[in-house]
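One structure is given here, and the rest of the page talks about it.
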Amino acid sequence: MRKITTILLAILGGIDVTITIFTPILLAVLWVSVSGLDDWSSYFFYGLGLFATLFRAIKIGFMKNV
């Protein structure tokens, strides 16, 4: 029973990390799909989504080493 619990927690942890990393990108794509690519703000939101994703990925990578 302990193996099943460990496997389920590992799967849930992987899903959590994936959603945490891709949330900024999804929000930027949603914003651009609503407002369009007319303005500089669209590129600004894409950039924010990219930098937030990189920051979260680096943070998760460093948490593994601690």
| query | What distance in nm separates the simple spin-label points at L50 and V34, each placed 7 Å from Cα in the Cβ direction? | reply | 2.3 nm
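For the chain, which semi-axes, largest first and in whole Å, follow from the square roots of 5 times the eigenvalues of its Cα gyration tensor?
33, 15, 4
How much length is gained on full extension from F22 to L9, taking 0.36 nm per residue of separation minus their Cα-Cα distance? Walk me through the numbers on the way to the answer.
Details: separation 13, 0.36 × 13 = 4.68 nm, distance 2.00 nm.
Length difference between fully extended and current span is 2.7 nm.
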| query | Roughly speaking, what is the stretch gain from Y43 to K59, that is 0.36 nm per residue apart minus the C-alpha to C-alpha distance, in nm to one decimal? | reply | 3.4 nm
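Just order 43-53, 11-21 by mean Cβ neighbour count inside 10 Å, highest at the front, would you?
On the way: 43-53: 14.9, 11-21: 11.4.
Taking the mean over residues of other Cβ atoms within 10 Å, the ranking is 43-53, 11-21.
Can you tell me the dipole magnitude for the chain around its Cα centre, using point charges on the Cβ only (Lys, Arg +1; Asp, Glu -1), in Debye to the nearest 20? Show your work: numbers first, answer last.
Values: 5 positive and 3 negative charges, 119 e Å.
Roughly 560 debye, rounded to the nearest 20.
No value in this document is a laboratory result; all are computed from the given coordinates. From a predicted model like this one, the values you see are computed outputs, not experimental measurements. Neighbour counts are summed over all protein chains in view; Cβ atoms, including those assigned to glycine, are modelled from backbone coordinates with ideal geometry.
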